[in-house]
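Data first, discussion second: the structure below is written as structure tokens.
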Amino acid sequence: MQALHVLAGPRARVHLRERGLRPADVAVVPAAAGGPKGLALNALDRFIFGHWLPRAVQTVHLVGASIGAWRMATACAPDADAALRDLAENYIEQSYPHVVGQFPKKRDISRVFAELLASGIGPHVAAILAHPRFRLHVVTSRGRHLMRREGRVTTPLGYLGAYATNLVSRRAVGGWLERVMFSDAREPLPFALHDFRTKQVALDAANLLPSILASGSIPFWLDAVHDIPGAPRGAYWDGGITDYHLHLDYGQMSDGLVLYPHFQSSVVPGWLDKSLTRRHAATARLANVVLLIPNPAWVEAVMPHGKLPDRADFKAYGERTLERQRDWRHAVAECQRLADEFAQLVQRPSIEALPLV
């Protein structure tokens, strides 16, 4: 059974059919929020960033939210293949001090996550910021007004307000939360961020790690990160809240493709849109996007419990940490098929892709 499915927007489908896919075609790589689901893309990441994209010379913009920001920052390390391998293993190994039968406290999860980032990305901060070709962009969600600081009462009320407002309009959520993107200052993104209330901040050595920590700080699971250096004061949370799957306006780009390793066929705009299926459909913004996803039938056939790793596994496995780790390693090993099939695919002079839906 084929493991890898390729979906593409209309412009990208024509390109693939007429010219195939070369490293020099890629201008942007997005990386979605999704927690443990990102493990399914590890082998693809290792091949793309460690072996395939280095064959070209153009600038490539890497845009990530939550686990996607961690993946994209790691991809900028000097040895991307080894660094991404270590990321997967460290993610699988994560565990938190807690009382048996109780879920770990937010502060303990935040502390362990910060330690993982410091050990995995900390040694490469200078190299990431000076990468000769890759330009990193880290998406965070900054609270406004009632949510400007994290609070036991104000934060739940703020997110309740954001949820209710989002039912009416995604743009209206900007009254509660704004997108703050920490970006490599050497080159701007090749598309505008006009779809949602946004601020951009220059990435530097002082804010790289805090911005990635904030981008992965899931509300009510981890503590917000406050007052990131060089950025507006306030509480910063998971970038997936405003940009769950980074459904940005790539279609306005004048040149280049968007290569998007993803774990599902839809590109959902914000985390609050998960249940609003009317917002899951492809739009003109994705015209030049090439989406690489695991075949759902293959996932059901070969993955432990017939699904990709996900955040619910932490509760489902409970104290059976070794069993969870075993199953997640099995999933990562099976997903080597995705990288192998992609490596074969890019040898072809013509590629037929399914349309985005």
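The values are calculated or read from the model by the stated rules, or taken from the named source; none is laboratory data. Note that the structure is a prediction, hence the values are computed from the model and not measured. Cβ sites come from the backbone with ideal geometry, for glycine too, and all protein chains shown count toward neighbours.
Condition check ((1) polar (S, T, N, Q); (2) modelled with pLDDT of 95 or more) across all residues:
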| position | (1), (2) |
| --- | --- |
| Asn42 | yes, yes |
| Phe47 | no, yes |
| Pro78 | no, yes |
| Leu84 | no, yes |
| Pro104 | no, no |
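For segment 263-285, taking the residues that are part of a helix (DSSP H, G or I) and more than 14 Å from the chain's Cα centre (by Cα), the one that is farthest from Gly34 (Cα to Cα) is identified as Ala284.
Find the residue count for segment 275-298, including only residues that are crowded, with 17+ Cβ neighbours inside 10 Å and farther than 28 Å from Arg22 by Cβ. Count: 2.
In this structure, is Arg17 assigned to a helix (DSSP H, G or I), under 27 Å from Ala312 (Cα atoms) and of a type in the set (Lys, Arg)? Taking the combined requirement at face value, the residue does not satisfy it. Number of residues in segment 286-323 that are in contact (Cβ under 8 Å) with a residue 60 or more places away in the chain, among the basic types (Lys, Arg) and either over 20 Å from Ile218 (Cα atoms) or not in a loop (DSSP other than H, G, I, E, B) (or both): the value is 1. Restricting the search to segment 72-97, which residues are in contact (Cβ under 8 Å) with a residue 12 or more places away in the chain and either β-branched (Val, Ile, Thr) or outside any helix (DSSP H, G or I) (or both)? Passing the criteria: Thr74, Cys76, Ala77, Pro78, Asp79, Ile92, Gln94, Ser95, Tyr96. Scanning segment 232-257 for residues that are over 21 Å from the mean Cα position of the chain (by Cα), at negative phi and among the small types (Gly, Ala, Ser) returns a single hit, Ser254. Only one entry in Val100, Val112 is in contact (Cβ under 8 Å) with a residue 24 or more places away in the chain and more than 27 Å from Pro23 (Cα to Cα), namely Val100.
Residues checked against (1) crowded, with 24+ Cβ neighbours inside 10 Å; (2) free of Cβ contacts under 8 Å to residues at least 40 places away in the same chain; (3) more than 30 Å from His98 (Cα to Cα):
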site	(1), (2), (3)
Arg186	no, no, yes
Phe191	no, no, yes
His194	no, no, yes
Lys199	no, no, yes
Ile218	no, no, no
Ile241	yes, no, no
Leu246	yes, no, yes
Asp249	no, no, yes
Ser254	no, no, yes
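If we scan segment 37-47, do we find a residue that is touching a residue at least 12 places away in the same chain (Cβ under 8 Å), closer than 26 Å to Ala205 by Cβ and touching a Gly at 6+ places or on another chain (Cβ under 8 Å)? Among the residues of segment 37-47, at least one is touching a residue at least 12 places away in the same chain (Cβ under 8 Å), closer than 26 Å to Ala205 by Cβ and touching a Gly at 6+ places or on another chain (Cβ under 8 Å), which makes the answer yes.
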